[in-house]
Amino acid sequence: MSNRRAGSGGSESGAAERGRWSTRRKADVVLRLVRGEDLDAVSRELGVTAAMLAQWRDEFLAAGQASLRTRQADLREDEIARMKSKIGEITMENELLRERARRAEAGHPFVIAEVESLSQTISPSADKPYGLVFTCRTLELARSTVYAVRARQKVVPLPQGKRGPKTAWNDAELTEHIRDVLATSPWLGEGYRKVWARLRQAGIRTSRARVLRLMREANLLAPTRCSHAHGPKAHDGTITTARPDLMWGTDATSVLTGEGQATVFIAVDHCTQECIGIHAALKGTRFEALEPLHQGVREHFGSYSQGVAKGLTLRHDNGSQYCSHYFQDELRFLSIASSPAYVREPEGNGVSERFIRTLKEQLLWVHRFATVAELLAALHAFKAAYNATWLVTKHQHRTPVEARLALTADQAA
């Protein structure tokens, strides 16, 4: 299943500073997680998704277990490794000394500004950088001087004062309020818009632009994916509705458990973004695909009988479960109109696709499940928490349950 690009605010500075991750940097991040640091806080600080951090942690622990099963190297191998390291160090020293002699003969000795760039040069014999400590020791230069030159080259921008009247909270106080919102939120990776909405619910009035600026300066923005160009659409219009229970969407995804790969089926309302039903099974058959629909019909139409859901349309893809005779006969029994999406056009089922992405980022990619029963219990808990606390931007940052109540009241009036 494909995931659509999120609409939350991006982090240009976080993307620029992220760069490539070495093995040592990854190990340091994993050790922070193992020591008990919050996964969401580390994700925001480093600009890496929570799912990627969880993957690094699992691979780190798996490699540690594998290393405990290997035979320890004997003393002779340790001695050989030590001698190789010593020979490489001597070779690197000779390379630096020859370069210093060549420059001295040419009348161009090393200056402090060149030492740092030389320390980052790859040694031809050892195939690794010389390093600043090794370079300064070999060339008999003081590292403190190099650090002093580096500090002078850094330009510290002066803080700019804001004109106009003072706000109720200064930047430092508002940043602490933002950290409190992120710490108490039950969800991972919330962007600045939802943080702004939760601040307003707590009685803290400020602008979204200021929340975005402070979160960017404090490195608290949620990591986002790089955008890509979209081709021409195969359909026009919209798939969302103005009232609940006019169109539902259903789709499936998979997750690996201790018992094997399980299939997760979901159903979502196209108006309120509410999770109508959710189910998981070891075998994703056409019978299991109907379970979220059974849950939604019983909850929102009061019973499960012939023609009870007349007027409802179900959007689904062209998977074998949804195109089967059994599934389509069940829709006709309930008087639900079938509305398949275009082939190879996941945007046609975009509401379900977006909910599955949220489900993966908040649950499936972050936690591991030993059994399908454990997965099923977590899915039902996620459904309850999502419908009660997840903020939907299109409904003025109300939860799906609040949006349904408001729209139902307006319709009755």
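Overview of results
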quantity: Between 0 and 90°, nearest 10: helix 372-389 axis offset from the chain longest Cα axis; calculated: 80
quantity: Separation of alpha-carbon centers, segment 313-345 and segment 362-378, rounded to whole Å; calculated: 27
quantity: Principal semi-axes in Å for segment 247-412 [√(5λ), Cα gyration tensor, largest first]; calculated: 23, 21, 15
quantity: Alpha-carbon spread of segment 179-330, three principal axes, descending order, Å; calculated: 56, 39, 38
quantity: FRET efficiency, 1/(1 + (r/R0)^6) with R0 41 Å, evaluated for Glu173 and Cys323 via beta carbons; calculated: 0.10
quantity: At most 15 other Cβ within 10 Å, DSSP loop - GluC sites (Glu not before Pro), segment 108-211; calculated: Glu140
quantity: Summed residue charge, Cβ within 13 Å of Leu182's Cβ, Lys/Arg positive, Asp/Glu negative; calculated: -2
quantity: Total charge dipole magnitude, segment 75-152, about the Cα centre, Cβ charges on Lys, Arg, Asp, Glu only, Debye to nearest 20; calculated: 200
quantity: Taking segment 75-152 and dividing mean pair separation by its residue count, relative contact order in percent (alpha carbons under 8 Å, at least six apart); calculated: 27
quantity: The chain, relative contact order in percent, only Cα pairs under 8 angstrom and at least six apart counted; calculated: 17
quantity: Extension gain (nm, one decimal) between Arg150 and Glu116, 0.36 nm per residue minus Cα-Cα; calculated: 11.4 nm
quantity: Theoretical gain in end-to-end length, Asp127 to Ser22 [0.36 nm per residue, Cα-Cα removed]; calculated: 36.2 nm
quantity: Estimated FRET transfer efficiency (Arg205, Ser338; beta-carbon r; R0 35 Å; 0.05); calculated: 0.15
quantity: Length-normalised contact order for segment 247-412 - Cα pairs under 8 Å, 6+ apart - percent; calculated: 23
quantity: Once the Cα gyration tensor of segment 75-152 is diagonalised, semi-axes √(5λ) in Å; calculated: 27, 15, 10
quantity: Estimated dipole of the chain in Debye, rounded to 20 [Cβ of Lys and Arg +1, of Asp and Glu -1, Cα centre]; calculated: 1200
quantity: Stretch gain in nm, segment Phe134-Ile87, where the contour uses 0.36 nm per residue and the Cα spacing is subtracted; calculated: 15.5 nm
quantity: Share antiparallel - DSSP beta bridges, the chain, percent rounded to 5; calculated: 70
quantity: Geometric extent, Cα atoms of the chain - Rg, Dmax (angstrom); calculated: 29.0, 97
quantity: Two-site FRET efficiency, Ala406 against Thr184, from Cβ-Cβ distance with R₀ of 22 Å, rounded to 0.05; calculated: 0.35
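Read-outs: derived from the displayed coordinates by stated rules, not from any lab. From a predicted model like this one, the values you see are computed outputs, not experimental measurements. Methodologically, a virtual Cβ is constructed for each residue, glycine included, from the backbone with ideal geometry; neighbour enumeration extends over all protein chains shown.
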